[in-house]
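The values are calculated or read from the model by the stated rules, or taken from the named source; none is laboratory data. Model, not experiment: these values are computed from the prediction. Glycine also receives a Cβ, built like all others from the backbone with ideal geometry; neighbour counts cover every protein chain displayed. What goes into the accessible areas is simple: the full protein's heavy atoms, side chains included, and nothing from ligands, DNA or RNA. Shrake-Rupley method; radii C 1.70, N 1.55, O 1.52, S 1.80 Å.
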Amino acid sequence: MRGMKVHALADLGELRRELRARAEAAAAQAAAERERAQREERQRRLFELTVGPVRPLNDQRRVHHRPPAVPPRPLQRQRDEQAVMQEALSDEFDVETLLHTDEHLSFRRPGLGDDVMRKLREGHWSIQRQIDLHGLRTDEAREALGQFIRDCHQAGLRCVRVVHGKGLGSPGRTPVLKGRVQRWLVQKNEVMAFVQARPAEGGAGALVVLLRPVGR
């Protein structure tokens, strides 16, 4: 009987050690699981842990970057270039039948009243810009005048002066450009009328030109 009792106590002690070992293993495993979970959480929150606390942006304050706009095509410049190519101001244009015969040759579009011509001669419209064609060859003067009239009309100007000279320095002391300038201006749709400038504005060496309003 005594031997059996000693054997039972030994078995009980062995069981206790086994249970204690199992408990320690379970605790170690649980600790390892907690450490692994903490490590994964730190990896997920690495940015936040690095820069500090963060919070989501308010949607209403977000900046939406639009794609860069496609540069507009220079349509107006293309139209101007086409107009230059199509425009051919003729030196042979018969302007005499369109000029009003008075002491100073003048021109006005059909439907334009005498009061407009009177105001133009009297300086009712202030001269807003001028071009001086002195010293230019015929082709140069034609091109310069055409560009000048286009630019002034597009800028919304109404009254300009064209200085063609009196021809005092030309052979025979005759104005070379005067007649040509009249022909060119009559062929320009932007021109409504022109008269010889007043003495203080150039007299016989210049013309005061009334341009058509923009959009007409």
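Out of (1) at pLDDT below 90; (2) loosely packed, with under 13 Cβ neighbours inside 10 Å; (3) in contact with a helix residue (DSSP H, G or I) (Cβ under 9 Å, 6 or more places away or on another chain), what's the single condition that is false for D102?
For D102, the exception is condition (3).
Looking at R158, R121, which is the one that is surrounded by 11 or more Cβ atoms within 10 Å (Cβ to Cβ), more than 37 Å from the chain's Cα centre (by Cα) and modelled with pLDDT of 90 or more?
R121
Answer with yes or no whether G146 is assigned to a helix (DSSP H, G or I), touching a residue at least 60 places away in the same chain (Cβ under 8 Å) and among the small types (G, A, S).
Judged against the criteria, G146 is a match.
Can you report the number of residues in the range 192-205 which are in contact (Cβ under 8 Å) with a residue 60 or more places away in the chain and either part of a loop (DSSP other than H, G, I, E, B) or within 37 Å of the chain's Cα centre (by Cα) (or both)?
So the answer is 4.
Could you run through the range 124-143 and say how many residues are outside any helix (DSSP H, G or I) and either open to solvent by 30 Å² or more (accessible area, probe 1.4 Å) or more than 14 Å from A197 (Cα to Cα) (or both)?
Residues meeting the conditions: 13.
Taking the range 173-216 as the search range and keeping residues that are open to solvent by 60 Å² or more (accessible area, probe 1.4 Å) and of a type in the set (A, V, I, L, M, F, W, C), which one is farthest from W125 (Cα to Cα)?
It comes out as V176.
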